[in-house]
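To start, the structure itself, in structure tokens.
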Amino acid sequence: MEKIRLGIIGCGVMQGAHTDGFLHLEDICKVTATCDIVKERAEAAANALGAEFFTTDYKEMSNYVDAVLIVLPHQLHFECGMFFLGENKHVLMEKPLCNTEEECVALSEEAEKRNLVLMCAYPVRYWAGVRKLKELLDSGKYGEIFQMSIWTEQYTDTSRGDWMGDAKKLGGGQLFSHGCHYIDLLLWFLGNPVSGVHFGTNKGTPWMEKEGSSNVILTFENGAMAYHFGTWGARGSVHDYDFQIHTDKGFFEYSHTKSKLIFRDDKGPDAGEVKEIVWSFEDSTKQTQYETRHFLECIINHKKPLTDARSSIQSLRVIWKLYEAEENNAIADLRGLGIPE
């Protein structure tokens, strides 16, 4: 099989999160071009990844690539994505897809018109432990979910003029930039949302123009509820990245940092005091190789990605509705936000 030629646009911090993943993909792709507005960063990434070409202008990359990973500030996603789709290149876009619904829809329609793969890079859906958790819950053995909670607590200081503190460039606040991972995950696990509320603050994260900490509560068509707390202001944490799921048969805890997936059945009428480790793994990195491999396999097999543009737009619509309702001190109506197939 001929390897897919992959180009990287943006060689800063976020690109670094993907670097280790490329070491696991040498059977299916080769990084052939890198781009960054800082020439030294583009060159360093090219040397590290064995790329034959580097540049400060992504429009010079087309002849060297079949597909691209775009790792740029959010406000640049649309223009760059449209350029490469126009060049008939497949696109893996770092989250979020774009900053506005109009841009997201236009990008999606362009990809569909040209029969190209456009995928949003939501690595959490592809983490080995999360896939195992979804598999176990889908089996029915561990009961039906009635509550899912996700905590993400990190320290991200953008006070030195970083674009991430700017609400317009970021597209919002912490919920839009980082919480989009977990809204996507909640929709994947629980289905169609019905209603929700969001409360955010930049207290503790004064470098953020919009919220640096978020609290989200959602209800779903199947009667389940969900909660998400995320912050960029954590000076300490016992959660870090922690998912907790209550079912009518027990309780799951997935800890990405501790590399453990545990099921407990130690309360209720049939309590067996069971604490069962159902999955243990060593890799607590961002594990981007799994999402990138999925993207590349979708290109080869002409398949729709799990985190395609349509599902990405639905999860972002949830966030936009939550923001709007928060401004009006209201409960958001989240019904009918998906794009029909």
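Read-outs throughout are calculated quantities, based only on the coordinates presented, and are distinct from any laboratory measurement. Since the model is a prediction, treat every value here as computed from it, not as a measurement. For neighbour counting, all protein chains shown are included, and Cβ atoms are generated from backbone atoms with ideal geometry for every residue, glycine included.
Peptide packing: for 132-140, 89-97, 162-170, the average count of neighbouring Cβ atoms within 10 Å per residue gives the ranking 89-97, 162-170, 132-140, highest mean first. Relative to the longest principal axis of the Cα atoms of the chain, the long axis of helix 39-49 lies at roughly 70 degrees. Distance check, please: which entries in LYS3/LYS39; LYS134/LYS303; LYS89/LYS113; LYS95/LYS132; LYS59/LYS168 exceed 19 angstrom between their Cα atoms? Long pairs (Cα-Cα over 19 Å): LYS3/LYS39; LYS134/LYS303; LYS95/LYS132; LYS59/LYS168. With the convex hull of its Cα atoms as the shape, the stretch 168-258 has an orientation-averaged projected area of 6.8 nm². Tilt of helix 128-138 relative to the longest C-alpha principal axis of the chain, in degrees (0 to 90, nearest 10)? So the inclination is approximately 50 degrees. The shape of the chain can be summarised by an equivalent ellipsoid whose semi-axes, obtained from the alpha carbon gyration tensor, come to 33, 23, 20 Å from longest to shortest.
Magnitude of the charge dipole for the chain, about its Cα centre and with charges confined to Cβ atoms of Lys, Arg (+1) and Asp, Glu (-1), is about 180 debye.
Most simply put, the chain has about 60% antiparallel DSSP beta bridges, counting only bridges with both residues inside it. Which of ILE28, ILE313, ILE245 ends up with the largest GNM mean-square fluctuation for the chain, with Cα atoms connected below 10 Å? Most flexible of the set in this elastic network: ILE28. For the stretch 213-338, a Kirkwood radius taken over Cα pairs fed into Stokes-Einstein (37 °C, viscosity 0.692 mPa s) yields D = 181 µm²/s.
Just checking the listed ones, PRO73, PRO193, PRO269: in the Gaussian network model of the chain with Cα springs under 10 Å, the one fluctuating most is PRO269. Electrostatic tally near ASP138: other residues with Cβ closer than 12 Å to its Cβ, Lys and Arg +1, Asp and Glu -1, net +2. Just to be sure I understand: with springs between alpha-carbon atoms less than 10 Å apart, which residue in ASP57, ASP20, ASP270 has the highest mean-square fluctuation in the Gaussian network model of the chain? Maximum among the listed residues: ASP270. Remark on the stretch 144-209: hydrodynamic radius 13.7 angstrom, per the Kirkwood mean of 1/r across alpha carbon pairs.
Projecting the Cα atoms of ALA271, ILE319, THR100 onto the dipole axis of the chain, where Lys and Arg carry +1 and Asp and Glu carry -1 at the beta carbon, places ALA271 farthest toward the positive end. A P(r) calculated from all alpha carbon pairs of the stretch 4-123, with 5 Å bins opening at zero, reads 2, 13, 24, 26, 20, 11, 4, 0 percent.
In terms of other Cβ atoms within 10 Å, SER315, SER280, SER149, SER237 run from fewest to most in the order SER280, SER237, SER149, SER315. With R₀ fixed at 35 Å, the C-beta to C-beta distance from LYS113 to TRP320 puts the FRET efficiency at about 0.90. Axis of helix 309-327 versus longest Cα principal axis of the chain: the two differ by about 60°, to the nearest ten degrees. Each Lys and Arg contributes +1 and each Asp and Glu -1, all at the Cβ; summed about the Cα centre of the stretch 109-191, the dipole is approximately 160 debye.
When the helices of the chain are scored as -39500 (n - 2.57) per DSSP H run of n ≥ 4 and the total is divided over every residue, the value at 222 nm lands at -9500 deg cm²/dmol. Counting Lys and Arg as +1 and Asp and Glu as -1, what is the net charge of the other residues whose Cβ lies under 14 Å from the Cβ of GLY81? Net charge around GLY81: -4. Think of the chain as a dipole: +1 on every Lys or Arg Cβ, -1 on every Asp or Glu Cβ, centred on the Cα centre; then among LEU218, ALA309, TRP207, LEU218 lies furthest on the positive end.
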